[in-house]
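Take a look at the structure set out below.
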């Protein structure tokens, strides 16, 4: 089939309530930030001029309508977003520490994103895509796990590049053994992996990035590009026999880190759309990481994710 769509992503679309000061009565004020990792990735790709579409489910409620509109506003096709009148939109409350790190409380038992069924997965859309992206939150329970498995199988048969972000959120799993099992499945499917330092430690038991990446490469020969992100420290690409490191930007002004990894992931996928996944050189990987690190840094200086994605010109100006 003609690949007319650049990137299709499946997964959660939710509202992140982030603390934004206190009221005159001393009560915490929360800002409703549209989020959800797969849609964050698509929002940045849309900023970079790519054609994107989202597959997922929200509630037929005020938050669901807000999220649909926000997706449309940033240029993501929402034709395959299902509105569910029987289940509420998933909500997350985010507590941010001094250094920008976050603690999540989820209202998702179930949330609408968990209720996407295999029948609601649009086969033609996936077949028309160059890249299919997914994370582990759509593997936390049924029926969305079966919907994700179906989508991945369709993407493979259509020869899409498969991109996976473990995006580990321990509170959303029944237990960490189940999380490990499902992330293992995701790792065995993808060509391109974006994994944080914490997730690398969780999955491989290695604090040393090179040792952790070597373990992944040995266990999952399908992995063609492994990107390890480590916050302000920077990021490392492992590709064939290459290892390329780029330091992060530490220019201050970090408010919170929500969406930084998703922004990084989007910039990597954008680079692969423009350069392919074959015969990448160390200078190309370095160029890819520099842009991705800079874009991710800019997102940490703003609240929320989908509406906080930088313009390409702002990233280039920073570089």
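The values are calculated or read from the model by the stated rules, or taken from the named source; none is laboratory data. It should be emphasised that the depicted structure is a prediction, and the values quoted were computed from it without experimental measurement. Please note: Cβ atoms are built from the backbone with ideal geometry, for glycine as well, and neighbour counts cover all protein chains shown.
Which number in (1) in a loop (DSSP other than H, G, I, E, B); (2) touching a helix residue (DSSP H, G or I) at 6+ places or on another chain (Cβ under 9 Å); (3) farther than 22 Å from residue 41 by Cα marks the one condition that residue 201 misses?
Against the list (1) in a loop (DSSP other than H, G, I, E, B); (2) touching a helix residue (DSSP H, G or I) at 6+ places or on another chain (Cβ under 9 Å); (3) farther than 22 Å from residue 41 by Cα, residue 201 comes up short only on (1).
Counting only residues that are under 17 Å from the mean Cα position of the chain (by Cα) and over 13 Å from residue 142 (Cα atoms), which one in region 173-183 is surrounded by the fewest Cβ atoms within 10 Å (Cβ to Cβ)?
179
Considering only residues that are assigned to a loop (DSSP other than H, G, I, E, B) and under 15 Å from residue 41 (Cβ atoms), which ones fall in region 293-319?
304, 305, 309, 310
Collect the residues in region 2-38 that are part of a loop (DSSP other than H, G, I, E, B) and surrounded by 12 or more Cβ atoms within 10 Å (Cβ to Cβ), keeping them in residue-number order.
Result: 3, 11, 12, 13, 36.
Kindly indicate which of 290, 243 is more than 17 Å from the chain's Cα centre (by Cα), closer than 21 Å to residue 192 by Cα, part of a helix (DSSP H, G or I) and modelled with pLDDT of 95 or more.
290
For residue 78, state whether it is part of a strand (DSSP E or B), within 18 Å of the chain's Cα centre (by Cα), free of Cβ contacts under 8 Å to residues at least 40 places away in the same chain and surrounded by 14 or more Cβ atoms within 10 Å (Cβ to Cβ).
Judged against the criteria, residue 78 is a match.
Quick one: residue 186 ticks every box in (1) farther than 21 Å from residue 156 by Cβ; (2) touching a residue at least 40 places away in the same chain (Cβ under 8 Å); (3) out of contact with any helix residue (DSSP H, G or I) (no Cβ under 6 Å at 6 or more places or on another chain) bar one, so which box is it?
Every condition holds for residue 186 apart from (1).
Quick one: would you say residue 67 is touching a strand residue (DSSP E or B) at 6+ places or on another chain (Cβ under 9 Å), modelled with pLDDT of 95 or more and within 18 Å of residue 122 (Cβ to Cβ)?
no
Hey, can you tell me all the residues within region 210-239 that are touching a residue at least 40 places away in the same chain (Cβ under 8 Å) and on the phi > 0 side of the Ramachandran plot?
234 - this is the single residue of region 210-239 that is touching a residue at least 40 places away in the same chain (Cβ under 8 Å) and on the phi > 0 side of the Ramachandran plot.
Restricting attention to region 222-240, which residues are within 19 Å of the chain's Cα centre (by Cα) and assigned to a helix (DSSP H, G or I)?
Of everything in region 222-240, those that are within 19 Å of the chain's Cα centre (by Cα) and assigned to a helix (DSSP H, G or I) turn out to be 231, 232.
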